[in-house]
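S.K.: Handing you a structure now.
The values are calculated or read from the model by the stated rules, or taken from the named source; none is laboratory data. Please read these numbers as outputs of a predicted model, since none were measured by experiment. Cβ placement follows ideal geometry from the backbone for every residue including glycine, while neighbour counts extend to all protein chains displayed.
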Amino acid sequence: MKTFRSRLVLLGGAVAIFAVLLTTSFQTWHARMELIQATEVQGEEIGRLLGQGAQATILAETGGPQFSVHDLLDNLLSGERVQAAWIMDGSGKVIAVGHGTVDSAELTELDRAKIAEVDGGTLSYFTDTALTIVTPTTAPADGPHWTVLLRVDRSDLDASLWSEIGIGLGVLFVAAFIAFLVMSRVAGWLSAPLAAVSADATVSAPIAAPVTAPALQPAAPSAATLVVTAANRMDELGRLAAEIERFAEDNELPPRAAMHLDMSVEEIVSNVIKYGFEAGDIREDAIELSLSLTGDRLSIRIADTGGAFDPLADAPVPDIDAAVEDRPIGGLGVHIVKTVMVELRYTRDGDRNVLDMVLELSAPAA
Amino acid sequence: MEIDTATHGDLLVVAPRGRLDTNTSPALEKALLERIEGGETQVTIDFSNIDYVSSAGLRILLMAAKRTGAAGGHFSMHAMSPEIREVFEISGFLTILKVYPDLATVLANR
């Protein structure tokens, strides 16, 4: 039971941190729990990367093979100060980007130099408006090795953390933490989805930090993920279909579910290619497909950088009862997707269209 | 895409192989429309070797049904797997197109 063991380890880690709490000052402990802490008001170092132990726990939980890249991204972006986050694969190629408090952000030359330099370690640096942290995910040996680049708002790092929090809240925080540990044992939370420590350095509400991160799913033994990026060219459909077929085989999806997955991706991606981009505007990483299988539910995300286009609302609705002569040719794809999926949600996220779908593997026939 | 064809009297049996998707459907479209425009308006599609159909494939089949229908011909499909039959059902095609279990039934119902 990998899940049970990883939670036990996490709980063990929490107990170890608790022991540290008892032997050191509250401020030192808080520093371990938070990603960032203000240190000096006017000094050179107004923020620094803290809590390597706590951070390693966060990333081990979110960066394991059971989590998709967008789960990790969502988790990172839940931080109030996080302007933007990038996730790179082992070769330094960006596989996911998300925006938090800013609408758009680009990697700078400095960022690229630091990513090249970091080599599995952690480093941080300042610009006029932001603190940037580059750190690896501490995934298990067999998991993906990603590098995370976090851009954090610098403006509110100047206040003294200690004066803002005070003893009262500190005691409350400790009490909440003890209650959390007790409930973990009494209510059998070891076998239930365990809320992970958030990466959010929320100064005004430190109590909320350890129990947030609703994006995290329980790590079921059967969980599996796939992330593929594709250019907005029709010939990429074949490669996507091959990747899906391999994923379906590896995870022993029922043939019917595999076909519904295959069809839905083809319908949406071909629409995105047809309607989302100007002719000739070919982008190599225009489309990202993420699959995440947990038990009987397969979560499918198709994100693209094309113009705002909601395939669910913008596509014509076919009249499936029309006679053969009256039946318009086309418009069927979205109808099929809507029929086979149990959940569908479109969001326009910054400059991306994001379509989230859920397929139930054992859903009854339509 | 590989497309096998055979004739039974004036009935043309078209048997594509593999996937009928966005990238392979144009080949079937071309083959079908050439034969129909050449006067072979009695057509049935053999699905025994088809394991996947997307809306791009459905579009071709609907188009072929309209063309043969306009010429007073016959259009049907047979030997579909249950999974593919379900796609036709979702699309509403089972009520407007003829789908038979096998070639013998096609010949008997033509």
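S.K.: So, in the stretch A:229-288, how many residues would count as being of a type in the set (G, A, S), away from every other protein chain (no Cβ under 12 Å) and either surrounded by fewer than 20 Cβ atoms within 10 Å (Cβ to Cβ) or closer than 18 Å to A:V334 by Cα (or both)?
M.R.: 4
S.K.: For A:P144, state whether it is closer than 23 Å to A:A231 by Cα, at pLDDT below 80 and part of a loop (DSSP other than H, G, I, E, B).
M.R.: yes
S.K.: List pairs: first residue in the stretch B:88-110 and farther than 23 Å from B:H8 by Cβ and free of Cβ contacts under 8 Å to residues at least 12 places away in the same chain, second residue buried (at least 17 other Cβ atoms within 10 Å of the Cβ) and not hydrophobic (A, V, I, L, M, F, W, C) anywhere in the structure, Cβ distance under 6 angstrom, at least six positions apart or on different chains.
M.R.: none
S.K.: Would you pick out the residues in the stretch A:147-185 that are modelled with pLDDT of 80 or more, under 23 Å from the mean Cα position of the chain (by Cα) and of a type in the set (A, V, I, L, M)?
M.R.: Within the stretch A:147-185, A:V148, A:L149, A:L150 meet the criteria.
S.K.: OK, next. Which of the helices (runs of 4 or more DSSP H) found entirely inside chain B contain at least 1 residues meeting this: over 13 Å from the mean Cα position of the chain (by Cα) and within 14 Å of chain A (Cβ to nearest Cβ)?
M.R.: B:25-37, B:55-70, B:82-90, B:93-96
S.K.: Now a separate question. Given B:T7, B:T24, which one is of a type in the set (S, T, Y) and either surrounded by fewer than 16 Cβ atoms within 10 Å (Cβ to Cβ) or more than 26 Å from A:I268 (Cα to Cα) (or both)?
M.R.: Matching residue, one of B:T7, B:T24: B:T7.
S.K.: Conditions first: (1) hydrophobic (A, V, I, L, M, F, W, C); (2) modelled with pLDDT of 95 or more; (3) in contact with a His (Cβ under 9 Å, 6 or more places away or on another chain). B:I90 passes all but one, so which condition is the exception?
M.R.: Unmet for B:I90, out of (1) hydrophobic (A, V, I, L, M, F, W, C); (2) modelled with pLDDT of 95 or more; (3) in contact with a His (Cβ under 9 Å, 6 or more places away or on another chain): (2).
S.K.: Right, something else. Of all residues in the stretch A:68-84 being part of a loop (DSSP other than H, G, I, E, B) and within 22 Å of A:T225 (Cβ to Cβ), which is modelled with the lowest pLDDT?
M.R.: Across the stretch A:68-84, the extreme among qualifying residues is A:S68.
Residues checked against (1) acidic (D, E); (2) part of a strand (DSSP E or B); (3) modelled with pLDDT under 95; (4) more than 23 Å from B:L62 (Cβ to Cβ):
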residue: A:M234; (1), (2), (3), (4): no, no, yes, no
residue: A:D262; (1), (2), (3), (4): yes, no, no, no
residue: A:R301; (1), (2), (3), (4): no, yes, no, yes
residue: A:E325; (1), (2), (3), (4): yes, no, yes, no
residue: A:G330; (1), (2), (3), (4): no, no, yes, no
residue: A:G333; (1), (2), (3), (4): no, no, yes, no
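S.K.: Could you check A:D296 against (1) in contact with a strand residue (DSSP E or B) (Cβ under 7 Å, 6 or more places away or on another chain); (2) surrounded by fewer than 20 Cβ atoms within 10 Å (Cβ to Cβ); (3) within 14 Å of another protein chain (Cβ to nearest Cβ) and say which number it fails?
M.R.: Only one criterion in (1) in contact with a strand residue (DSSP E or B) (Cβ under 7 Å, 6 or more places away or on another chain); (2) surrounded by fewer than 20 Cβ atoms within 10 Å (Cβ to Cβ); (3) within 14 Å of another protein chain (Cβ to nearest Cβ) is unmet by A:D296, namely (3).
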